[in-house]
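See structure below.
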Amino acid sequence: MISSKKLTPDYIFESSWEVCNKVGGIYTVLSTKAKTLQSLFKDKIIFIGPDLWVGKENPDFIENKTVLKSWKKYAIENENLKVRVGRWNIPGKPITILVDFSPFYEIKGDIYYQLWKNYGIDSTVGYGDYDESCMFAYATAKVIESISTFLKLEEKNVIALFNEWMLGLGVLYVRTNLPYISTIFTTHATSVGRSISGNDKPLYGQMHNYNGDQMAQELNVQCKHYLEKAAAHFSDCFTTVSEITGVEATQLLDKKPDIITPNGFEPNFVPAEKQYNKKKNTARKAIIEVAKQLTGSEISEDAVLIGTSGRYEYRNKGLDIFVEAINRVRLSKPDKDILALIMVPAGINGARKDLIERLEANNNESYPLPNSYLTHELTDIYSDKISNYLSYLNFSNNTDDKVKIIFVPSYLNGNDGIFNLPYYDLLIGFDLTIFPSYYEPWGYTPLESIAFHIPTITTNLAGFGVWTASESVDTLNKGVEVITRTEDNYFQVAEKIKEVIMSFSSNSSSEEIANIRKAAFDLSEKALWTYFIDYYLEAFDIAIRNTKTRNKHTKNKK
């Protein structure tokens with residue numbers, strides 16, 4: 001039940017580049033949150049995403065000719081909006097509008113002129129994805145404007161929630177042209193903060209010395225930054241996803257978040273017990289079989305399977321430390337077989353044909369394939385950071401090596417050519433996951449792990465790690481090990497991870513492991529959207545109240 005003391009929306013529009021477009025963590029945020037929002041605001045929550053599948057079938061989208069039928073006809077005939085209406089193919093199946101933003105390139109100059117005139121943002125130095133993001137944001141705002149006008153929502157409580165700098169122009173358009181609509185702007189990671197850390201500059205150690213505007217100029221992300229900063233300042237409610245990102249936003253955007261809205265999870269992603277055990281066994285067999293054929297070695301059935309995954313951000317995601325830690329485990333000569341997988345998509349030319357042949361023949365060859373740490377053909381193996389580091393450390397995955405490491409540089413969508421299992425169906429087979437992030441505003445990967453009963457290692461520089469520690473969970477026997485990471489303790493972090501792995505693999509009894517897995521799952525249940533949605537309800541209340549105050553002041557001035 002929604003508290004009667006809070007002001008609640010009659011309609012909610014939520015937009016993101018990742019609506020029906022699986023790119024990164026924001027997709028998981030929205031697609032899991034949708035079920036709870038749909039249950040609270042039945043068909044009054046409308047998602048808006050980019051129509052990137054024009055002329056093709058989008059597996060995430062179920063087109064429906066009857067949903068918003070009258071409005072769609074009006075929008076197409078009277079406003080030249082190119083939209084498809086249907087439902088997002090996720091739990092809850094919320095109403096979703098996909099908009100083709102390409103027609104707005106014709107008036108890009110006019111759009112940017114208004115942006116400069118109203119908010120002083122110079123878009124002439126924008127590059128890369130700036131233009132397409134702004135055109136999508138503008139199209140999104142026009143869709144919101146069109147529906148609101150058609151349904152006569154001027155006297156209703158309407159929320160427009162925009163995610164990330166890519167939708168910043170949408171915030172500003174609604175603020176200027178639709179003042180009765182309450183805007184919420186959520187930044188999941190600031191453009192300047194991500195650029196600082198991505199360029200190997202010290203972010204946290206020097207945070208208090210950084211000026212966001214100055215750093216945006218230095219890193220050539222000024223358009224994104226100024227758009228994001230304006231959206232944060234002019235939205236009716238500004239939110240970030242974690243305390244650590246809140247500090248970052250306060251310093252670099254000169255705006256303290258009105259509320260922190262942490263990312264939750266839905267339990268329906270995790271199979272029930274009987275199906276869980278079946279999927280776990282299938283995953284373990286697949287992982288061990290691939291390792292066996294790739295390395296030409298026998299892998300023990302009770303080998304400790306360790307994994308990491310996420311976007312290919314070598315330093316930010318701690319991929320360098322993961323490799324370093326596994327190497328230290330190798331040098332420590334553990335008693336048990338340990339098999340570590342790095343599941344990070346990179347540029348590839350497809351699955352390795354020689355590995356496919358071995359998997360199909362199942363001949364149990366007793367010698368490793370060339371580059372026996374690699375499951376797919378990298379487009380440019382010589383410039384790949386993970387591959388180079390593995391080569392530098394001489395990870396040859398020899399038969400007598402107790403510790404082996406495998407790099408899976410493919411999207412795990414169930415059709416990668418080697419495992420042919422979706423990510424979750426492979427994740428379920430691991431014993432331990434490690435995400436030693438340097439820059440991680442939230443961190444869905446460790447949360448996904450504990451939801452699947454898999455203990456995980458994270459750091460205090462991840463939003464999830466900060467939240468975990470706030471729940472008095474910081475050691476692996478409680479489900480999550482939170483390691484302190486600073487600007488200059490790289491090798492200490494790697495050594496600590498090694499110690500945790502050695503202890504977990506060598507000293508834990510089956511009963512202890514069962515207790516650790518249960519503790520991990522129990523913690524994940526505290527992060528369900530059932531609980532975390534309250535932060536969004538609070539954000540709705542803040543935004544609506546601020547809108548009413550703002551409009552009251554405007555009327556008084558008149």
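Is it the case, given these coordinates, that A494 is in contact with a His (Cβ under 8 Å, 6 or more places away or on another chain) and assigned to a helix (DSSP H, G or I)? Walk me through it before giving the result.
Working: in contact with a His (Cβ under 8 Å, 6 or more places away or on another chain): no; assigned to a helix (DSSP H, G or I): yes.
No; evaluated as a whole, the condition is false for this residue.
Counting only residues that are open to solvent by 10 Å² or more (accessible area, probe 1.4 Å) and within 15 Å of Y105 (Cβ to Cβ), which one in segment 128-140 is nearest to the chain's Cα centre (by Cα)? It would help to see each step written out before you state the result.
Start the filter on segment 128-140 by keeping residues that are open to solvent by 10 Å² or more (accessible area, probe 1.4 Å), which leaves 128-129, 131-132, 138.
Right, trim to within 15 Å of Y105 (Cβ to Cβ) and you get 129, 131-132, 138.
Working: D129: 18, D131: 22, E132: 20, Y138: 23 Å.
Ranking the qualifying residues of segment 128-140, first place goes to D129.
So, in segment 513-545, of the ones that are basic (K, R) and either within 20 Å of T445 (Cβ to Cβ) or touching a helix residue (DSSP H, G or I) at 6+ places or on another chain (Cβ under 8 Å) (or both), which residue ends up most open to solvent (accessible area, probe 1.4 Å)? Steps first, answer last, please.
As a first pass, look at segment 513-545 and keep what is basic (K, R): 517-518, 526, 545.
Now narrow it down to the ones that are either within 20 Å of T445 (Cβ to Cβ) or touching a helix residue (DSSP H, G or I) at 6+ places or on another chain (Cβ under 8 Å) (or both): 517, 526.
Working: R517: 39, K526: 104 Å².
In this case the residue turns out to be K526.
For F47, state whether it is in contact with a strand residue (DSSP E or B) (Cβ under 8 Å, 6 or more places away or on another chain), outside any loop (DSSP other than H, G, I, E, B) and open to solvent by less than 40 Å² (accessible area, probe 1.4 Å).
Working: in contact with a strand residue (DSSP E or B) (Cβ under 8 Å, 6 or more places away or on another chain): yes; outside any loop (DSSP other than H, G, I, E, B): yes; open to solvent by less than 40 Å² (accessible area, probe 1.4 Å): yes.
Here the answer is yes, as F47 does meet what is asked.
Does L378 satisfy the condition of being of a type in the set (A, V, I, L, M) and under 26 Å from I501 (Cα atoms)?
On the way: of a type in the set (A, V, I, L, M): yes; under 26 Å from I501 (Cα atoms): no.
For L378, the condition - of a type in the set (A, V, I, L, M) and under 26 Å from I501 (Cα atoms) - is not met.
Which members of segment 348-369 meet the condition of being buried (at least 17 other Cβ atoms within 10 Å of the Cβ) and under 20 Å from L421 (Cβ atoms)?
Going residue by residue through segment 348-369, those that are buried (at least 17 other Cβ atoms within 10 Å of the Cβ) are 348, 351-352, 355, 358-359, 368-369.
Selection gives I348, A351, R352, L355, R358, L359.
Which of the residues belonging to segment 58-77 are within 25 Å of the chain's Cα centre (by Cα) and β-branched (V, I, T)? Walk me through how you get there before you give the answer.
Residues of segment 58-77 within 25 Å of the chain's Cα centre (by Cα): 58-62.
If the condition is that a residue be within 25 Å of the chain's Cα centre (by Cα) and β-branched (V, I, T), then I62 is the only one that fits.
Give N64, N89, N118 a once-over and let me know the one that is closer than 24 Å to K22 by Cβ, open to solvent by 60 Å² or more (accessible area, probe 1.4 Å) and modelled with pLDDT of 95 or more.
Numbers: N64 fails: open to solvent by 60 Å² or more (accessible area, probe 1.4 Å); N118 fails: closer than 24 Å to K22 by Cβ.
On inspection, the qualifying residue turns out to be N89.
Considering only segment 207-226, I want to know if a residue exists there that is within 30 Å of D522 (Cβ to Cβ), out of contact with any His (no Cβ under 7 Å at 6 or more places or on another chain) and surrounded by 19 or more Cβ atoms within 10 Å (Cβ to Cβ). First the steps, then the outcome.
At the first step, the residues of segment 207-226 found to be within 30 Å of D522 (Cβ to Cβ) are none.
No; the residues of segment 207-226 include none that is within 30 Å of D522 (Cβ to Cβ), out of contact with any His (no Cβ under 7 Å at 6 or more places or on another chain) and surrounded by 19 or more Cβ atoms within 10 Å (Cβ to Cβ).
Regarding A216, is this residue out of contact with any Cys (no Cβ under 9 Å at 6 or more places or on another chain) and either among the small types (G, A, S) or not in a helix (DSSP H, G or I) (or both)?
No: the conditions fail for A216.
Where the second residue is among the hydrophobic types (A, V, I, L, M, F, W, C) and part of a loop (DSSP other than H, G, I, E, B) and the first is under 19 Å from A451 (Cβ atoms) and at pLDDT below 95 and lies in segment 277-301, which pairs have Cβ atoms under 8 Å and are six or more apart or on separate chains?
none
Look at N316 and say whether it is over 25 Å from S510 (Cα atoms) and in a helix (DSSP H, G or I).
Values: over 25 Å from S510 (Cα atoms): yes; in a helix (DSSP H, G or I): no.
Spelling it out, it is not the case that N316 is over 25 Å from S510 (Cα atoms) and in a helix (DSSP H, G or I).
Would you mind finding the one in P409, P441 that is farther than 20 Å from K278 by Cα and crowded, with 24+ Cβ neighbours inside 10 Å?
P441 is the lone residue from the list that is farther than 20 Å from K278 by Cα and crowded, with 24+ Cβ neighbours inside 10 Å.
Considering only residues that are in a helix (DSSP H, G or I) and either within 21 Å of the chain's Cα centre (by Cα) or farther than 30 Å from Q114 by Cβ (or both), which ones fall in segment 174-206?
Let us first name the residues in segment 174-206 that are in a helix (DSSP H, G or I), namely 174-177, 191-198.
Within segment 174-206, S191, V192, G193, R194, S195, I196, S197, G198 meet the criteria.
Kindly provide the set of residues from segment 495-512 that are over 16 Å from D337 (Cβ atoms) and either open to solvent by less than 30 Å² (accessible area, probe 1.4 Å) or of a type in the set (A, V, I, L, M) (or both), ordered by number.
I497, V500
Please pick out the residue among S391, S396, S372 that is in a helix (DSSP H, G or I) and surrounded by 13 or more Cβ atoms within 10 Å (Cβ to Cβ).
Numbers: S396 fails: in a helix (DSSP H, G or I); S372 fails: in a helix (DSSP H, G or I).
Answer to the selection: S391.
Yes or no: P257 within 30 Å of K526 (Cβ to Cβ), in contact with a Gly (Cβ under 9 Å, 6 or more places away or on another chain) and outside any helix (DSSP H, G or I)? Steps first, answer last, please.
On the way: within 30 Å of K526 (Cβ to Cβ): yes; in contact with a Gly (Cβ under 9 Å, 6 or more places away or on another chain): yes; outside any helix (DSSP H, G or I): yes.
So P257 passes the test.
Tell me, which residue of segment 141-168 that is open to solvent by 10 Å² or more (accessible area, probe 1.4 Å) and in contact (Cβ under 8 Å) with a residue 60 or more places away in the chain is nearest to the chain's Cα centre (by Cα)? Give the derivation first.
We begin by selecting, within segment 141-168, every residue open to solvent by 10 Å² or more (accessible area, probe 1.4 Å); these are 142, 145, 149-152, 154-157, 164-166.
Next cut, in contact (Cβ under 8 Å) with a residue 60 or more places away in the chain only: 142, 150-151, 156-157, 164-166.
Working: K142: 27, F150: 34, L151: 34, K156: 32, N157: 29, E164: 12, W165: 15, M166: 15 Å.
Result: E164.
Condition first: surrounded by fewer than 17 Cβ atoms within 10 Å (Cβ to Cβ), of a type in the set (K, R) and more than 25 Å from the chain's Cα centre (by Cα). Now tell me which residues in segment 282-318 satisfy that.
K285
Quick one: which of K285, K292 is part of a helix (DSSP H, G or I), touching an Asp or Glu at 6+ places or on another chain (Cβ under 7 Å) and not hydrophobic (A, V, I, L, M, F, W, C)?
Just a single option satisfies the conditions, and that option is K292.
Each row is one residue, and each column tells you yes or no for (1) of a type in the set (G, A, S); (2) at pLDDT below 95; (3) more than 30 Å from C237 (Cβ to Cβ).
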{"residue": "P441", "(1), (2), (3)": "no, yes, no"}
{"residue": "I454", "(1), (2), (3)": "no, no, yes"}
{"residue": "G479", "(1), (2), (3)": "yes, no, yes"}
{"residue": "A494", "(1), (2), (3)": "yes, no, yes"}
{"residue": "V500", "(1), (2), (3)": "no, no, yes"}
{"residue": "D534", "(1), (2), (3)": "no, no, no"}
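Take S31 and decide whether it is exposed (fewer than 15 other Cβ atoms within 10 Å of the Cβ) and part of a helix (DSSP H, G or I). Walk me through how you get there before you give the answer.
Values: exposed (fewer than 15 other Cβ atoms within 10 Å of the Cβ): no; part of a helix (DSSP H, G or I): yes.
Against the criterion (exposed (fewer than 15 other Cβ atoms within 10 Å of the Cβ) and part of a helix (DSSP H, G or I)), S31 does not qualify.
Within segment 260-275, track down each residue that is out of contact with any Gly (no Cβ under 9 Å at 6 or more places or on another chain) and open to solvent by 20 Å² or more (accessible area, probe 1.4 Å).
P267, N268, F269, V270, P271, A272, E273, K274, Q275
Just to be sure, is P455 in contact with a Phe, Trp or Tyr (Cβ under 6 Å, 6 or more places away or on another chain), farther than 16 Å from R315 by Cα and either open to solvent by less than 10 Å² (accessible area, probe 1.4 Å) or of a type in the set (A, V, I, L, M, F, W, C) (or both)? Lay out the reasoning, then the answer.
On the way: in contact with a Phe, Trp or Tyr (Cβ under 6 Å, 6 or more places away or on another chain): no; farther than 16 Å from R315 by Cα: yes; either open to solvent by less than 10 Å² (accessible area, probe 1.4 Å) or of a type in the set (A, V, I, L, M, F, W, C) (or both): yes.
When the stated conditions are applied, P455 does not pass them.
The values are calculated or read from the model by the stated rules, or taken from the named source; none is laboratory data. Computed from a predicted structure; not experimentally measured. Using ideal geometry, Cβ is built from the backbone for each residue, glycine included, and neighbour counts are taken over all protein chains shown. Ligands, DNA and RNA are stripped out before the accessible areas are found, and what is left, the full protein with its side chains, is counted by its heavy atoms. Shrake-Rupley method; radii C 1.70, N 1.55, O 1.52, S 1.80 Å.
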